[in-house]
Amino acid sequence: MIKTYIDLLRHGEPVGGKRFRGSTDDPLSETGWQQMRTSLGNKVGWDIVVSSPLKRCAEFATETAGKHRLKLQIIPGLSELEFGLWEGMTPTEVEQQYPGDLQQFYADASVFTAPGGESMSVFYTRVIQAWQNILQTYRGQKILLVAHGGVNRVILQHILNFPPQNMFRIQMGFAARVSLQVTDDGKQLWPQVNAITEGF
């Protein structure tokens with residue numbers, strides 16, 4: 001039995017606060033940096049840091065990898081869901097300009113896509129492909145994975161076999177950290193959620 005340990009870490013608050021950001025590449029605010037540092041605390045022992053390429057993840061991942069002298073891998077497949085015409089907008093602005101859309105999106109994002117945005121099926125496929133590649137490449141290691149609320153929800157949904165419409169029942173605040181253990185017996189993966197650390 002080979003065990004792989006993964007800490008899923010969502011980025012902290014970006015400059016501009018809560019907005020729909022997929023490809024919008026805002027950096028972390030000072031509060032966001034502090035949230036992420038606080039979330040990790042004094043934890044050490046990873047073998048590798050993997051990250052989304054977007055600044056709100058990659059800059060902190062780079063700092064952490066450098067601090068602990070770890071290899072860093074940037075993985076495009078870990079980028080956030082692209083929100084099309086909602087990009088850069090606050091939830092209030094979306095509700096005002098696209099009445100009723102948010103309710104449909106949160107009810108079941110698998111059947112409702114933001115106008116001009118990435119479909120959940122495409123998003124799910126690329127995230128899970130990246131996830132499986134990470135597990136294969138770094139089998140038996142301890143991994144810090146720095147990504148986004150949507151990415152981390154998809155990974156947890158996949159592991160826990162949640163139906164798509166329940167995706168947003170998983171709370172994933174800024175700098176939320178989830179610890180996972182994946183046991184590989186050579187034929188099947190047995191994932192286990194060890195703990196969920198509530199974000200800010």
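Just to be sure before I move on: is Gly41 in contact (Cβ under 8 Å) with a residue 24 or more places away in the chain and on the phi > 0 side of the Ramachandran plot in the structure I sent?
no
Hey, any hits in segment 149-167 for a residue that's modelled with pLDDT of 95 or more, in contact with an Asp or Glu (Cβ under 8 Å, 6 or more places away or on another chain) and of a type outside the set (Val, Ile, Thr)?
Taking every residue of segment 149-167 in turn, at least one turns out to be modelled with pLDDT of 95 or more, in contact with an Asp or Glu (Cβ under 8 Å, 6 or more places away or on another chain) and of a type outside the set (Val, Ile, Thr).
Testing Ala58 on (1) outside any helix (DSSP H, G or I); (2) surrounded by 17 or more Cβ atoms within 10 Å (Cβ to Cβ), one condition comes back false. Which one is that?
Against the list (1) outside any helix (DSSP H, G or I); (2) surrounded by 17 or more Cβ atoms within 10 Å (Cβ to Cβ), Ala58 comes up short only on (1).
Quick check on segment 96-106. Is at least one of its residues free of Cβ contacts under 8 Å to residues at least 60 places away in the same chain, within 16 Å of Ala176 (Cα to Cα) and either surrounded by fewer than 20 Cβ atoms within 10 Å (Cβ to Cβ) or aliphatic (A, V, I, L, M) (or both)?
No, there is no match, as no residue in segment 96-106 is free of Cβ contacts under 8 Å to residues at least 60 places away in the same chain, within 16 Å of Ala176 (Cα to Cα) and either surrounded by fewer than 20 Cβ atoms within 10 Å (Cβ to Cβ) or aliphatic (A, V, I, L, M) (or both).
Okay, residues lined up against (1) touching a strand residue (DSSP E or B) at 6+ places or on another chain (Cβ under 9 Å); (2) surrounded by fewer than 17 Cβ atoms within 10 Å (Cβ to Cβ); (3) closer than 21 Å to Arg169 by Cβ:
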site	(1), (2), (3)
Pro27	yes, yes, no
Gln35	yes, no, no
Thr64	yes, no, no
Val94	no, no, yes
Tyr124	no, no, yes
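Residues in segment 7-29: is at least one hydroxyl-bearing (Ser, Thr, Tyr) and either in a helix (DSSP H, G or I) or closer than 20 Å to Val178 by Cβ (or both)?
no
Please list, ordered by first then second residue, the pairs with beta carbon atoms under 6 Å, 6 or more apart or interchain, first in segment 123-134 and within 10 Å of Val154 (Cα to Cα), second surrounded by fewer than 22 Cβ atoms within 10 Å (Cβ to Cβ).
Short answer, once both residue conditions are applied: Ile128/His158.
Does Gly32 satisfy being assigned to a helix (DSSP H, G or I) and either at pLDDT 95 or above or within 20 Å of Gln181 (Cβ to Cβ) (or both)?
The answer is yes for Gly32.
With (1) modelled with pLDDT under 95; (2) out of contact with any His (no Cβ under 7 Å at 6 or more places or on another chain) as the list, and Ala58 as the residue in question, which single condition is left unmet?
If we test Ala58 against (1) modelled with pLDDT under 95; (2) out of contact with any His (no Cβ under 7 Å at 6 or more places or on another chain), just (1) comes out false.
Every residue, every condition in (1) touching a Phe, Trp or Tyr at 6+ places or on another chain (Cβ under 7 Å); (2) of a type in the set (Val, Ile, Thr); (3) within 24 Å of Asp26 (Cβ to Cβ), yes or no:
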{"residue": "Gln73", "(1), (2), (3)": "no, no, yes"}
{"residue": "Glu82", "(1), (2), (3)": "no, no, yes"}
{"residue": "Thr90", "(1), (2), (3)": "no, yes, yes"}
{"residue": "Phe112", "(1), (2), (3)": "yes, no, no"}
{"residue": "Val146", "(1), (2), (3)": "yes, yes, yes"}
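So which of Val15, Val49, Val44 ends up being surrounded by fewer than 18 Cβ atoms within 10 Å (Cβ to Cβ), farther than 19 Å from Gly116 by Cβ and touching a His at 6+ places or on another chain (Cβ under 9 Å)?
Just one listed residue meets the conditions, Val44.
Can you name the residue in segment 173-200 that is at pLDDT below 65, within 17 Å of the chain's Cα centre (by Cα) and not in a strand (DSSP E or B) and, of all such residues, is surrounded by the fewest Cβ atoms within 10 Å (Cβ to Cβ)?
Ranking the candidates gives Glu198 first.
Only one of (1) exposed (fewer than 14 other Cβ atoms within 10 Å of the Cβ); (2) modelled with pLDDT of 95 or more; (3) not acidic (Asp, Glu) is not met by Phe83, so which one is it?
With respect to (1) exposed (fewer than 14 other Cβ atoms within 10 Å of the Cβ); (2) modelled with pLDDT of 95 or more; (3) not acidic (Asp, Glu), Phe83 is out only on (1).
The values are calculated or read from the model by the stated rules, or taken from the named source; none is laboratory data. These numbers were taken from a predicted model, which means no experiment stands behind them. Positions of Cβ are generated from backbone atoms using ideal geometry, with glycine treated the same way; all protein chains shown enter the neighbour counts.
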